[in-house]
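Right, one structure below, let's go through it.
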Amino acid sequence: MEISIEQVAQLIEGTVDGDGSGTVDRLEKIEEATQGSIAFLANPKYTPHLYSTQASAVIVKHDFEAEKDYTTTLIRVEDPYSSFAKLLEAYQQMTAVEKKGIENPSFQSESAQIGENVYLGAFSYLGEHVKIGNNVKIYPNSHIGDNVEIGDNTIIFAGVKIYANCKVGAHCILHSGAVVGSYGFGYAPQEDGTFKAIPQTGNVIIEDNVDIGANTTVDCATMGSTIIRSGAKLDNLVQVAHNVEIGKNNAIASQAGISGSAKLGANVQVGGQAGITGHLSLADRTIIGPQAGVPKTISEEGKVWFGSPIMEHREFLKSSIILRNLPNLIQRVKDLEKKS
Amino acid sequence: MEISIEQVAQLIEGTVDGDGSGTVDRLEKIEEATQGSIAFLANPKYTPHLYSTQASAVIVKHDFEAEKDYTTTLIRVEDPYSSFAKLLEAYQQMTAVEKKGIENPSFQSESAQIGENVYLGAFSYLGEHVKIGNNVKIYPNSHIGDNVEIGDNTIIFAGVKIYANCKVGAHCILHSGAVVGSYGFGYAPQEDGTFKAIPQTGNVIIEDNVDIGANTTVDCATMGSTIIRSGAKLDNLVQVAHNVEIGKNNAIASQAGISGSAKLGANVQVGGQAGITGHLSLADRTIIGPQAGVPKTISEEGKVWFGSPIMEHREFLKSSIILRNLPNLIQRVKDLEKKS
Amino acid sequence: MEISIEQVAQLIEGTVDGDGSGTVDRLEKIEEATQGSIAFLANPKYTPHLYSTQASAVIVKHDFEAEKDYTTTLIRVEDPYSSFAKLLEAYQQMTAVEKKGIENPSFQSESAQIGENVYLGAFSYLGEHVKIGNNVKIYPNSHIGDNVEIGDNTIIFAGVKIYANCKVGAHCILHSGAVVGSYGFGYAPQEDGTFKAIPQTGNVIIEDNVDIGANTTVDCATMGSTIIRSGAKLDNLVQVAHNVEIGKNNAIASQAGISGSAKLGANVQVGGQAGITGHLSLADRTIIGPQAGVPKTISEEGKVWFGSPIMEHREFLKSSIILRNLPNLIQRVKDLEKKS
């Protein structure tokens, strides 16, 4: 779908500087852009690319002053990044193929209830007493267990598996391969060395506006609920153990692991491959670095932590310098030994 | 399903202290319990919650003495935790919806053999010469490859994928998204920089009473078998590479990775996100801490190891103290330099 | 399928030393081999097993000289390992059950195009405008989204999920549970603490001869493409974030994570559980050790790195020695303090 550069400028309330009659049909990065595309320039580091870009138009800051010749058309705006994000969103809406209706074969139990304007992909399964809200999209090969409820406007991508009794809020996105409600890893060691499974009778509650990444796993609670609070975003391959509570607006990066009964405050961020020990709590706005290991409760809000086991960020930097200077320290001790 | 507090007390051989005529229909934690629920008090740390809990009944130790007023009914038993676990189990059995029969559409090859009382969920697939034991439950969207055998009473949750020729024992649980039998990561580097795949012709053998977590992956052997011995429990997102042998009654926590041809003894425990290098062995009852890295064979039984690369636990603690005291050591060297 | 030892020798251009009339029907390891199997001896470490092996034949180097009695038949060749690999390959081809044809029920959109000699397993889904090349095998329960293209001879194992608009080359293998094209983890933090999703409008391009492991996840680009170059091999449970470029002939071991917009050169190797930070590049032939953490660009080609944060291999070894000798250093400082 092509639109003219003039139309793009109107959409983002910018002014055209150059020829606005050309057409564009896609968004590209300024350093890789080809003819027929639109790019943006927000970070001054990328300015040199403006003079060589093949993009048909580039969104720039209103007061941008070129220092060399260029061949593209400029669209001047207040905030190039925001304008581009707006454009991305418009582009996504225009190009999205709206999935609708019930594909066959799919499986609906007789007791399942479905809202209006729902997409149910082929080979998807709705168990007993399932309740699906309005405008929900369930892509093919997904499994929605007995008694599961899914709120309005939520998207379940292909191959998601939700165990019985779990609840998913409105405006959520669950990516392919995500598993919600698998049994918690709870066993009572027996005298003969075997393990006896502790029954996992709880569920998972996912509140509104939550995103769950591809192949991420969220275990059900032993009793009660594993909870993912509204606005939390989980990346791919994250592990959330039984009885965990992920706080409001948390951001948990890929391959992080949250052990059983850990309780994360609001606006916590956890880096990729970090591990959080069980039965502890993290204060609001705590930031945990990538590959960090968190062995105990963090009570002070808004601190940044790195390392395994974690240290406060400043301490971590200091410690890194000390470690790097150890050969020097050894030499100094040698020198002292010679003198003494 | 409601039952009276009296009935609960009979079930767990306890004595009612207070009004036994009320009814309960669920299990909750003492600190979160609401009316109509039953809770337990085992850890003295939680005693204060007894005086404010809304639970209709609380299971306590037979000699518990209250120091304040409370409104709940007590059930006195020998061991509150065991009694509660027993109750959890009874609860699970009472509330479990027994899945039975063959749902349609599902796919059975003509040569597949199915035992008695089997559940085969919709969109599940049984390849050629598959053998399914009695009382097996295969939830929807699962794939059972050619020649796979599954023992009695095993549960395969939705969306499990088992490659051809693998064997799964009796009384196992495979959680959603688990993959069994994918090719081992074996390549012969060629002179031109490309990799030539080494054919992976073996299989996976999972013995009895094994649990495999959600989205865990177990590769087949190059030749012979990758083996998971009886009673082993694997958490979510664990990687088991080709030709690995996981020992009897092992417990492998989430996101741990076991590299090719590693051989774990009996009753080994591996912490979350730990990594075990290939072609080594771990002695019986070895315990590996979370995020640890194991570079070589551990021959001595029953030791506890932490860190990456691992150190014995006591050494690890000592080393942590030394590292924390380095700034102090630097100061002492400075002082010596001034004096000298 | 049995063949005689004579026939095996012909196949690998070896000479029989002993009785060549016996038959074999499988390949086993020399230390575990049973009657009717064929094994090989390449590593001298395994020579003692030759004198006790139950294998019906063992492939050995042409100049092998036995120092004890043995009961097996020898097949002498130039390079036992290569010969055995050749045999493995032949074995795989002979035992592979050729999957063919369209199983029912499967789902093909009317606009999907399928090449010749394709296998489409039951419960697999081909979206709108999908193009499938010749000799492609798509196992059951797989989801191929709208506009996806898959090149000739590629194998898609059971339960793979490919999002709309992605491209997969020829001669690729995607293992069960792999997810290709899930949304990148990109959010703009809002003033009220919530996150606004940045639309992810790009796709994933997988070139030829690429292997993707079980339950590995590859996110689509925000715009443009996440790219996996030809010949790259990814193990299980690997995370590839949005806009990443995995180089030609890379080998990425299990549970490694590559963050957004990282660009890996050709012939890079990444160890298991290693983490690569976003927006950096790795020079050609870089080797990253297991559990390593890479915080910044590596410009020099062909270096080996370990640790988190990474150090060059030699520096890493030196640093390990220093750390191990710290108690000794402390003692030396104590001694100096006494003297001073």
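The numbers here are math on the coordinates, done by the rules we state, and not lab data. From a predicted model like this one, the values you see are computed outputs, not experimental measurements. All Cβ positions, glycine included, derive from the backbone under ideal geometry; neighbour counts span all protein chains shown.
Data for the structure
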item	result
Within region B:101-133: backbone nitrogen closer than 17 Å to the residue C:102 label point (7 Å, Cα to C-beta)	none
Within-12-Å neighbourhood charge of residue B:168 [Cβ basis; K, R +1; D, E -1]	-3
Part-to-part distance (alpha-carbon centres) for region C:269-340 and region B:307-340, which is given in Å	18 Å
Cα-based shape type of chain A, given that a ≥ b ≥ c are square roots of the gyration tensor eigenvalues and the cut on a/c is 1.5	oblate
Computed lengthening from residue C:339 to residue C:111, 0.36 nm per intervening residue step minus Cα-Cα distance	73.3 nm
Helix-only [θ]222 nm of chain B, DSSP H runs n ≥ 4, -39500 (n - 2.57) each, per residue, nearest 500	-4500 deg cm²/dmol
Formal net charge of residues neighbouring residue A:180 (Cβ-Cβ distance under 14 Å; K, R +1; D, E -1)	-3
Using θ = phi - 60° and Karplus 6.51 cos²θ - 1.76 cosθ + 1.60, couplings along region C:96-111 (whole Hz; Gly, Pro as x)	4, 8, 6, 7, 8, x, 9, 8, 10, x, 10, 10, 10, 5, 5, 8
Leading residue at positive end of dipole, the protein assembly as shown (Cβ point charges), from B:213, A:204, B:257	B:257
Within region A:3-95: Cβ-based charge dipole about Cα centre, in debye rounded to nearest 20 (Lys, Arg +1; Asp, Glu -1)	200 debye
Test item: Cα-centred dipole of region C:101-245, Lys/Arg +1 and Asp/Glu -1 on Cβ, debye	140 debye
A:223, B:94, B:311 arranged by Cβ crowding within 10 Å, fewest neighbours leading	B:94, B:311, A:223
Vicinal HN-Hα couplings computed from phi for region B:189-206 (Karplus, 6.51 cos²θ - 1.76 cosθ + 1.60; Hz; Gly/Pro x)	x, 9, 5, 7, x, 7, 10, 9, 5, 7, x, 9, 9, x, 9, 10, 10, 10
Max mean-square fluctuation residue, GNM over chain B, Cα-Cα springs under 10 Å, options B:252, B:198, B:228	B:198
Of A:294, A:325, A:276, farthest towards positive along the dipole that unit charges on Lys, Arg, Asp, Glu beta carbons give region A:212-340	A:325
Nearest-0.05 FRET efficiency for residue A:296 and residue C:312, computed from C-beta distance (R0 25 Å)	0.15
Reach of residue C:99 by Cα under 17 Å, taken over aspartates and glutamates that are not fewer than 8 positions away in the same chain	B:110, B:128, B:146, C:116, C:152
Choice from C:60, C:136, C:118 showing the highest fluctuation, given a GNM over chain C with Cα pairs closer than 10 Å	C:60
Charge dipole (region C:160-309, unit charges on Cβ, about Cα centre) - positive-most of C:170, C:241, C:183	C:170
Exercise: per-residue mean of other protein chain Cβ atoms within 10 Å, C:227-237	5
Amide hydrogen neighbours beyond the local backbone of residue B:270, cut-off 5 Å, H modeled	B:251, B:252, B:253, B:288
Estimated distance in nm for a label pair at residue B:196 and residue A:187, the labels positioned 7 Å out from Cα along Cα-to-Cβ	4.2 nm
Derived scalar couplings ³J(HN,Hα) [region C:276-284; Karplus, 6.51 cos²θ - 1.76 cosθ + 1.60; whole Hz; x for Gly, Pro]	10, 5, x, 6, 9, 9, 10, 5, 3
Shielding by other protein chains, B:134-147, mean Cβ within 10 Å	4
For chain A, built as a Gaussian network whose Cα springs stay under 10 Å, the top-fluctuating residue of A:201, A:222, A:23	A:23
Under 15 Å, Cβ to Cβ, from residue B:312 - net charge with Lys/Arg +1 and Asp/Glu -1	+3
Check: chain B dipole with +1 on Lys, Arg Cβ and -1 on Asp, Glu Cβ, in debye	1560 debye
Region A:64-79-region C:16-89 distance, computed between alpha-carbon centres (Å)	72 Å
Amide H contacts of residue A:210 (H built 1.01 Å from N, under 5 Å, at least 5 apart or other chain)	A:172, A:173, A:231
Sparse-neighbourhood loop sites, GluC sites (Glu not before Pro) in region C:84-148 - DSSP loop, at most 15 other Cβ within 10 angstrom	C:98, C:110, C:116, C:128
Cβ neighbours within 10 Å from other chains - mean over B:323-334	5
